1. Ratio of alpha-carbon Rg to the 2.2 N^0.38 Å globular estimate for region 21-147, to two decimals, please.
2. Within region 408-426, whose backbone N sits under 15 Å from a point 7 Å along Cα→Cβ of A539?
3. With N set to the number of residues, divide the alpha-carbon radius of gyration of region 99-239 by 2.2 N^0.38 Å and report two decimals.
4. Calculate, for Q624 and T249, the FRET efficiency according to 1/(1 + (r/R0)^6) with r their C-beta to C-beta distance and R0 30 Å; round to the nearest 0.05.
5. What is the Cα centroid distance between region 650-688 and region 1-77, reported in whole angstrom?
6. Which value, in Å², gives the accessible area per residue of the chain when a 1.4 Å probe is used on the protein heavy atoms?
7. Any idea what the dipole of region 310-465 comes to, in debye rounded to 20, about its Cα centre with Lys/Arg Cβ at +1 and Asp/Glu Cβ at -1?
8. With just the Cα atoms of region 344-419, tell me how far they stretch along each of the three principal axes, in Å, largest first.
Amino acid sequence: MLSAGELHRRGLENANAGRHRSARRDYALALQRADDDETVAQVELSLAYVESELGTAERGLELCHHALGLEGISPRLQGLAWSQLGMLHMRAGDGDAALVALSRAESLLDPVDHQPMGRLLLNRGNVHLQRRDVGRAVADFEGARHSFEAAGMPMERAKAMHNLGYAHMLSGDVPTAIRLMQEVAPHFAELSPFYEAVSAQDRAEALIAAGMSEDAAATLRMSTRAFASRGMRQRQAEALLVLARLLQTEDAAESRRVARRAMRLFAGRGSEGWALRAESVAVAAEVLSGRRVDRAHARALARQLRNRGLRRDAVKLTLHTARAALLAGELAEARQDLGSTRMGTDAPLDNRLLRREVRSELATAQRRPRQAREEVRRGLHELHEWQSAFGSLDLQSSLVGHGRRLALHGLRLALSDGRPEVLFEWAERARALAVRVAPVRPPEDEQAARELVELRELFALLGSPDAADDAPTRAARRRVTELQRSIRERAWRHEGSGEVTDPLRLDALLPELETVGGLLVSHLVVDEHLHALVADGSAAKVVDLGSFAPVRQLLRGMQADLDMMATHLPGPLRRVVRATVQDRLAQLSAHVLAPLGDLGDGPVAIVPSGALAGTPWPMLPALQRRPVTVSRSATLWLEQHRRVHAPTSAGFAAGPRVRRGDEEVRGGAASWPGAPVLTGPGACAAAVSELAESADVLHVAAHGRHSADNPLFSGLELADGPWFGYDVDRLGSVPSTVVLSACELGRSTVRWGEEALGMTVAWLHAGAQAVIASPASVDDDVACTVLSRLHERLAAGELPAHALTQATATLPGELLSPFQCFGAGW
């Protein structure tokens with residue numbers, strides 16, 4: 001028969017593995033066999049934790065108090081009891097009681113008794129995290145890490161490191177947070193599915209901070225299911241609460257439903273502090289969905305949060321209450337609510353941006369448009385300052401999600417004003433937000449280089465016709481996922497330039513357009529309505545283009561039709577498809593260009609809304625046979641336009657399995673005497689990278705793939721596997737003009753409505769001035785004909801957009817070219 005001590009140890013093993021029901025049975029039997037107060041107290045303290053997870057917080061607290069009341073326990077065990085009591089108060093969301101208990105524990109424990117001191121510091125750090133007191137949390141987690149190291153407890157040290165990462169996330173240092181959490185994640189996976197789910201939930205919060213909402217939502221739902229299957233209602237409710245916060249900007253009604261569910265779970269366990277937090281999220285979701293809320297109750301709820309030390313939760317709820325007052329037309333009430341919110345520079349960015357947004361809404365209601373715009377301007381400046389600390393294009397574009405509501409509000413204000421110069425300013429401020437962060441070359445990262453090589457080899461292996469669906473293949477796929485995550489997250493660690501460029505003024509743009517006889521068209525989609533700003537050398541105007549719905553419908557079928565055009569169809573079917581494409585292009589042109597009036601006959605720069613991604617602009621009837629370039633912002637176009645120069649050298653490469661690839665690159669190279677040409681095994685990633693660093697023009701003919709899930713893993717298929725967007729980011733220097741004769745690589749994934757990301761954006765961010773690519777599949781005959789003639793023009797000194805226009809004009813009437821110029825093609 002097992003003794004009480006042996007049953008206690010077995011219970012601890014089960015609890016540490018997340019098998020809480022088994023642990024509860026072990027502890028209950030141990031209590032029956034315990035014959036002294038010291039043993040009873042030890043078992044009760046362990047049982048208290050399990051009961052708080054499976055039952056109620058109140059039951060766990062009762063057990064701790066009973067243990068403290070036993071006469072025969074040592075001062076050390078009393079300290080452990082107070083420490084456990086503090087942890088349970090922390091788990092219930094009662095920070096004040098937790099700090100009192102942990103202080104009593106600290107006075108009873110020996111500072112060099114590393115194991116219990118480490119746990120005390122870990123739990124106290126968590127109390128500070130709940131209160132968003134990041135400085136104290138970091139200090140306690142660092143102390144816990146050192147204590148666990150001294151005690152030889154690697155798993156507990158991993159927990160301290162994980163929580164330290166969480167604290168860095170709250171301070172805004174997302175790359176450090178994800179690095180620390182990812183570094184220790186294998187420890188949790190080895191321990192149990194329970195701890196893996198806990199780790200995944202916290203990493204999901206870091207992903208939310210990084211703007212990776214889809215990845216975060218999937219992770220949170222997985223964690224929620226894992227906790228529910230083990231009857232762990234507190235953990236399940238916490239995961240639901242994080243999910244509810246995530247859903248607020250995407251689906252307010254669903255956010256309210258999830259938050260209410262979390263609130264019921266917390267209340268059922270007696271976790272009052274957590275229940276208050278969940279209710280505050282539900283109230284905010286009601287405001288965001290336009291529902292009427294009981295504002296007096298919301299203010300009372302904010303006071304309760306503040307009394308529990310949850311000041312930042314209280315501030316966010318008060319801001320939403322002010323918005324609810326605005327919606328009800330109670331301006332004085334809204335002003336009073338706003339006046340009660342005080343926050344410093346250490347406040348969470350989301351809270352600061354929300355305050356700017358509500359203050360702007362109040363100024364708008366008070367008919368003070370200049371002040372309303374100024375609040376938005378300051379908020380976006382705060383966002384840009386944060387963005388500029390990170391060097392990764394992937395992370396910069398994801399972080400935009402934090403400011404999209406504010407940016408959209410700025411555009412609404414500008415449209416309401418109606419003046420072209422105001423709309424132009426806000427089109428530049430509120431759209432393509434990552435563009436304004438000055439790029440910086442990433443540092444050399446040997447591990448990332450090795451991982452890219454391994455990833456390339458695995459893609460080549462998995463793409464082989466001989467790849468079977470067996471255990472090695474499945475292992476290779478898992479390794480691909482691991483490598484992609486590692487490469488992506490390593491890039492997030494790169495420091496940014498800290499520099500943000502000011503947006504261009506309209507009066508600075510017009511003289512440049514006049515000099516070249518050019519035209520700029522900037523499209524905006526706001527609240528499902530399409531607008532355009534048109535500027536030439538003398539003036540600018542704003543045109544209302546109506547509902548965006550018919551344009552969206554036309555674009556949905558455009559991609560498929562263009563892809564179909566690239567296949568070698570029988571003559572009659574090809575004519576039918578071509579007629580369909582031309583009809584769709586004519587309709588699209590009628591919606592987005594015809595109402596703009598006379599566009600002249602000079603070059604055109606298009607600055608499209610993200611909703612118009614994939615539009616084949618040069619194919620639209622109104623733009624055919626004229627130089628067209630597509631840029632992410634007018635500011636960026638002008639900056640690059642001023643640096644555009646005629647190239648003097650070129651390099652060419654052809655990947656495998658392109659029907660006329662070798663012919664295409666050799667035909668293009670004929671216009672550049674002595675230009676290097678890489679084909680066959682010689683067209684490998686290392687050789688093409690070296691070529692890219694030495695040529696003014698780089699032309700690659702290869703099969704391409706756009707990765708919508710992670711656009712910087714879009715790539716060109718070379719002899720040894722894909723050449724990724726991350727490879728481009730590692731180049732020491734880049735060509736001024738890049739020609740991508742590859743299907744799909746003109747496509748972009750659009751994040752947060754406006755932030756486009758893909759292979760073309762990777763090249764432009766790396767420093768290329770112009771990229772010629774296609775947003776659709778390309779007919780081999782079209783590519784071979786158009787791009788060979790393109791190089792005749794480029795070598796003669798023509799600018800990329802002009803050269804492409806002239807090359808396309810020579811195509812036979814039955815062929816269509818989807819190639820277009822991105823960046824500053826003229």
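1. Details: Rg = 14.4 Å, N = 127, 2.2 N^0.38 = 13.9 Å.
Working it through for region 21-147, the quotient is 1.04.
2. Under cut-off, by backbone N: 419-421.
3. On the way: Rg = 15.1 Å, N = 141, 2.2 N^0.38 = 14.4 Å.
Its radius of gyration relative to the 2.2 N^0.38 Å reference: 1.05.
4. Details: r = 40 Å, r/R0 = 1.34.
E(calc), rounded to 0.05, equals 0.15.
5. 72 Å
6. Details: 32430 Å² over 826 residues.
Averaged over the residues of the chain, the accessible area is 39 Å².
7. Details: 26 positive and 23 negative charges, 187 e Å.
For this selection, approximately 900 debye.
8. Over region 344-419, Cα extents along the principal axes are 39, 29, 14 Å.
The values are calculated or read from the model by the stated rules, or taken from the named source; none is laboratory data. Since the model is a prediction, treat every value here as computed from it, not as a measurement. Cβ atoms come from the backbone with ideal geometry, glycine included; neighbour counts cover every protein chain shown. Just so you know, the surface numbers come from the protein's heavy atoms only, side chains and all, with ligands and any DNA or RNA stripped out. Shrake-Rupley method; radii C 1.70, N 1.55, O 1.52, S 1.80 Å.
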